[in-house]
Structure formats: structure tokens, C-alpha cells
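The values are calculated or read from the model by the stated rules, or taken from the named source; none is laboratory data. This one's a predicted model, so the numbers in the text were calculated from it and none came from an experiment. All Cβ positions, even for glycine, are placed from backbone atoms using ideal geometry, and neighbour counts span all protein chains on display. Remember, those area values only see protein heavy atoms, side chains included, never the ligands or the DNA or RNA. Shrake-Rupley method; radii C 1.70, N 1.55, O 1.52, S 1.80 Å.
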Amino acid sequence: MKLDRRRFLGSSVSVAATVGIAAEWAWPKHSVSYRRPRSAVAVLNADEYSEKIEALLLDGLRLFRLNVLGKTVLLKPNLVEDVPGPVNTSATLVGAAARSFLRLGASRVVIGEGPGHQRDTELVVQSAGLKPHLSERQIEFVDLNRDELRKVKLKANYSGLGELWLPRSVLDADFVVSMPKVKTHHWAGVTLSLKNMFGIVPGMKYGWPKNLLHWSGIHESILDICATVPIHFVIADGITAMEGNGPLQGSARQLGKIVLADDPVAADATCARLMGFDPLRVRHISEGCHFLGNLREDRIRVLAEGVGAPTRPFSVLPEFRYLFAAKS
Amino acid sequence: MGRSAEVSVIEKTLRQRQLPSGGWSYFSSKQASVEATCLAGLALGSDSRGDPVSTLRFLKKSQLSDGAWPAFQGDSEGAWTTALALCALTVLNEISDASNRALRWLLEARGIEGHWFWRWKFKTSDRNVQFDPDKYGWPWISGSASWVIPTAFSVIAIKQFTVCNRSEASENRIHLGVEMLLDRGCVDGGWNSGNSVVYGVPLRAHLEATAIALLALQDERRSELIQRSLVWLKKEADSVDSVSSLAWCILSLFVYQESVEALKNRLATLLGDGRDIRNNATLATALLALKCGEMIHPFVVLR
């Protein structure tokens, strides 16, 4: 048979595709799966950060029948910088979550964060207004940038990092709650519960910012981290969110929602839909739905409120216009 | 309680937190941090009851075979802390091959922009972050870009260690590091963690990065950026209530002959007896700031 150039190219593409599929089958990129048949999400309406949030949140958490009795709960808010604007997860919400988990029977609540840019963690905690919430006996703050570290083999291999040093307080926690601020992000598209886990990677080893994760691929690093440290629950602060040039320099966007979920992919997909984005167009969410949780709406049970697309999608930098969901 | 009494109480607290290995952890773990150890060693170095021998022994023992120091005990990868360790050895008068090996490692280390491919990429396609990739400094760990704080500490360490015997290689590397710092200054003065403009929007300066960058530039010509950054730092220092940032402001403003007495008084009030400051690196930096003017400044660069 004569092998012309077109045939040769066609055969090469077929061989490459077959090898790719075989490689994925023989060497899957993740060794764990946290997906369940169905996940639960509750979207709570809250117009402002007030004392009323605590009762609202506690009622919302009770819908999930969580078993945190006697457990150490780690709350991982998104505390980034000491700058004005809706940059950090609201301290009112973090404090309310800490007290709610104690009321639900947790033996201890640890609020842990390793800010990505600002080395002075005390400055970030002060400016976020978190200090008054740390006065209760069973609530403590841990600087994840400087905690004792253990080397951990990653349970997924998207980034090629293989292993990471991670904080003891995170690895020892019984129940990890990601508490993102709902924001756009100028490198990742969005920063929600999965991206929020960048903050557990310690600055004392990887620097400020954790630049090695950027060079290894932001989406890839997110997938590897979240495969290794599973998120048990999400409380997303979407009361005042951020659009445009997030995560630091965007504009405030009043969304008026708190999103609760027992699955980080379901939480992020719901938040993305609330922002007017197609979650399938965010790489770490679309890939995460194969093993970190559920993305499809028919696999997400809504316990409270519904998720309508916003009247106006969140604004984004021109590079991220592809995120917008098609109008139905 | 007078200032000297306050200082000696804080020194005692810091001494009590030293690990049997001779190092200090950041918080209460047994995993020694090279940053916390260097700062604590420098803060207690001039203290007659201090034990620089055990600190130096820890540092020499934890140096890696390539001359670098890891960020913490148990890690085997060289990090930015190599610069801080070299400063500590120099200031504590430890004359050994450890310092020469550290210098050699620092002269070789560079941010990823040090490679022509990445320089080319930053110049041609990756333009959302504005900086001159020809001017590169030092990374936090290898495999990442240059950042302000590791570059500033590396410049200080090389300047201090080579003050009497500066080779062309050292001079060139200092020059490139200084150029990188001057390139990355924020529009309103000061330094953010790395770049000054992202997606066309200027970033806001950070106190600690600004204070440490100014320490690295203390013997350079007072350019407009340095002057503007000093003004910014002085203004911000007046209102900051965080111990670490305030301490770095004092250490930096002091070498520029600015008055720091009022800032030291405020720092002493924030510190109390120091027991509430759980982070040993912060406590040591605060101690260094309180002792400013009463001991050899650990980050001073002689001309």
C-alpha cells in the first residue's frame, strides 16, 4: 500500500489519540474519587453582613445533617491582603460559621489561612476584622504559612509536582470547610472553594506568592491539592462578591447569596452559574467533576432556594469572556 | 518597666523557646525554621546570656551539601533563607567555609527569568505583568520567578559578606539584583511582593517588602523611587498596628537616619512582655527593632 502524506498524517493522529486514551486508562491522573451519586447545595439569601447571618447559617447547616460531633473543624477562609474592597471572606461570616460548628457539636474550630501575597499574616487578620471572633475559647487561628509541615504524596498528578509539604493543622483536621469569597480571578477565571485551597500551601516553603504552583499550572495544582486534601463542606461568601479584575483589584458586586454545599465541585458550579458563567468552561471545575464532585445539575439536590442566572453576568477581563454561559 | 528591662524580659522569652537543636520554630512545633532561627540568633547575638554557639551549630549542621539552606529542618531543597543564614553568619562573626559555600550558591541562584527562554516569553507573549525580565533577582525556591524579599535579602547578604573583598561576579550579581528592585517599585513608592503593575493596574505597596527592599538599597544613590518609598514607609509606619510590619519599618528607617523613637515606643506597647507574640520570627524581629541603635544593626551595609 502506498503511504501518501495525507494518510501518514491521518494515521499518526489516530495513533497519538489511541496512545493518549490508553495512557489515561493505564495511568489515570487521579488515584481517588470523592464523587457521590448526588450532592446537596443550599443557596441562602443574605443582603448584608449582620448579626442575623449566624441564625441563617445555622439553619442552613442543619439542612445537611452534618456529623461534626467531637470533631476538629478547620475553616479555611480566603484572606488575601490588607486592602479595601470585597477581597477577603467576611469575618462576620467566618465567626458565625465557627460558632455554628461549635453549636453543632464540634470539639474545636481552627480557622486556618496562609495568605498568598502578604507575608504579615497578623496584618491580614487584623484588617479582615477577624480578631474579635478569636476570643472564644474553642476557636483559634493558625497561620498555615508557618505551621509545622509534613511531606505528602499528591493523590492526583495534573501538575507533575508529585508531592507537597502541607500544614499539620490541615492534615490533622477531621472536617475541612472551604470558605471562599466569590470572585473573578485574573489567572484562573474564578476563585471559589477549589481555588481557595491554594491557601493551605505553606509560604514558608513555597514563598509569597506560592509561585511554583503558578508555574506548574494553576488549574492542575488546584486539582492536585483538592485531591490530596478533600473538602468536606463549603460555605461561600457571595453576599458582596467581586467582578472584573479579581481577586484583588476588581469591583464589588452585590450578589446577596451564601452558598452551602457538601461537595466543592457542586458548590463551585453553583457559584459559577450565579455569576453567569458556564462551569464547564472553568478547567479545574470541569476536570474536577470527574473525581472531586458533581457538576451536572441533575446530580445536585437543591435544599434551599434555586439558582437562577443573574440578570447581568459578572464582568470579566477580555481574556475570560469565554466563561459566559450561552443564553438559553 | 524601662526599655532595657522590657528588652531583657523579651530576650528571656525568646531564649526559653529555643529548641534543643539550637534552632527556633515559627510557632510551638519542634520543626526548626531557618528564618526564625536566623532572626532569633541575630536578636540574641549580642546578649551576654545568649548562646550564639548553639545557633551557629544549628545553622552549620542544617546547611545543605550545595551550600544552600532549606526553609526548615527536614527539607532538602535550597531556599531564600540561604541569604538570611549568610547574614547571620557574617554578623555573628562566624568565619568558616559555610559562608563561602553559601555565597557561591547565591551567585548561581536566579529567578526563572534568568533563563533566556522565559525572558523571551515575558518579552513577546506574556505581557499582562509589566516588568523588565532582563533585570532578574532571586526566587523563594528554585523553579519560580524573582520576588522582592528574597532578592533584597540576597543583595544584603552578598553586600555584607563581600564588603572587603568583592569579586566581579559578586559585583555583577548585586548590580542585577539592585536593578531588579528598582524596576519593580510601585507607582506611589514602595514595593509589592513582586511586580508593580498587573493588567494595567498599579499594585499597592506592602510594608514588609518595602522596608526590606529599602534595606537592600541603603548604600545606593538616593533615586526618586527610593526617596518616594521612604516617604511612603514613614507615613504608613505611623499607623500600622502589626508587630512584624512595624518592626521592619523601624529597622529600615533607622539605617536611613530617620527618627524611630516614637515608633519604638509604640512597638514596646504592642509587645508588652512578648509572651502573646507566638511567632518567634516576629518576636525576634521586634527585639531587633527595639535594640536598634544599641547593637550592630544586622542588616546594615557598610560602604
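Pairing chains A and B buries close to 3200 square angstrom of accessible surface in total, based on protein heavy atoms and a 1.4 angstrom probe. Per residue, region A:32-173 exposes 41 Å² of solvent-accessible protein surface, assessed with a 1.4 angstrom probe and all protein chains in place. Protein heavy-atom surface of chain A, 1.4 angstrom probe: 53% of the accessible area is carbon and sulfur, with nucleic acids and ligands not counted. Take region A:222-328, drop everything but the C-alpha atoms, weight them equally and run the Debye formula without solvent; then report log10 I(q)/I(0) at 0.14, 0.17, 0.19, 0.21 Å⁻¹ to two decimals. Scattering profile of region A:222-328, log10 relative to I(0): -0.55, -0.83, -1.05, -1.27. From the Kirkwood radius over Cα pairs of chain A, Stokes-Einstein at 20 °C and 1.002 mPa s returns a whole-number translational diffusion coefficient of 106 µm²/s. Across the protein assembly as shown, counting alpha-carbon atoms alone, Rg and Dmax equal 25.3, 97 Å. Distance between the 7 Å Cα→Cβ label points at B:Ser167 and B:Leu302: 2.1 nm.
Anything losing 50 Å² or more of accessible area from the isolated chain to the full protein assembly: pick those residues out of region B:196-213, probe 1.4 Å, ligands and DNA/RNA ignored. Residues meeting the cut-off: B:Tyr199, B:Arg204, B:His206, B:Glu208. Each eigenvalue of the Cα gyration tensor of region A:85-148, multiplied by 5 and square-rooted, gives one semi-axis; in descending order these are 21, 14, 9 Å. Of the residues in region A:296-328, those shielded by at least 30 Å² of accessible area once partner protein chains are present, compared with the chain alone at a 1.4 Å probe, are A:Glu319. When both region B:186-225 and region A:256-307 are represented by their alpha-carbon centers, they are found 40 Å apart. Only helical runs count toward this figure. For the protein assembly as shown, summing -39,500 (n - 2.57) over DSSP H runs of n ≥ 4 and dividing by all residues gives -12000 deg cm²/dmol at 222 nm. Loop-located trypsin sites (Lys or Arg not before Pro) in region B:131-240 (DSSP state not H, G, I, E or B) with no more than 12 neighbouring Cβ atoms inside 10 Å: B:Arg221, B:Arg222.
When the solvent-accessible area of region B:1-87 is split by element, carbon and sulfur atoms take up 51 percent of it, the probe being 1.4 Å. Measuring from centroid to centroid over Cα atoms, what is the spacing of region A:34-93 and region B:255-300 in Å? Here the answer is 39 Å between Cα centres.
For region B:148-200, the equivalent ellipsoid derived from the alpha-carbon gyration tensor has semi-axes of 26, 10, 8 Å in decreasing order. Computed on region B:25-184, the Cα convex hull volume stands at 124 Å³ per residue.
If you take the Cα centroid of region B:1-20 and the Cα centroid of region A:100-148, the two points sit 27 Å apart. Label separation (A:Lys151 vs A:Asn67): 3.5 nm, computed from points 7 Å beyond Cα along the C-beta direction. Contact residues in region A:178-222 by the 10 Å² criterion (accessible area, 1.4 Å probe, full protein complex versus chain alone): A:His186, A:Trp187, A:Met204, A:Lys205, A:Tyr206, A:Gly207, A:Trp208, A:Pro209, A:Asn211, A:Leu212, A:Trp215.
Modelled label positions at A:Trp27 and B:Glu224, each set 7 Å beyond Cα in the direction of Cβ, lie 5.4 nm from each other. Within chain B, the ratio Rg/Rh, alpha carbon atoms throughout and Rh by Kirkwood, equals 0.96.
Computed over protein heavy atoms with a 1.4 Å probe, the accessible surface of region B:21-106 works out to 36 Å² per residue. For a distance above 16 Å, tell me the whole-number percent of Cα pairs in region A:153-271 that qualify. Of the Cα pairs, 61 percent sit more than 16 Å apart. Panel values: region B:225-303, Kirkwood radius from alpha carbon pairs, Stokes-Einstein at 25 °C and 0.890 mPa s, translational diffusion coefficient 191 µm²/s.
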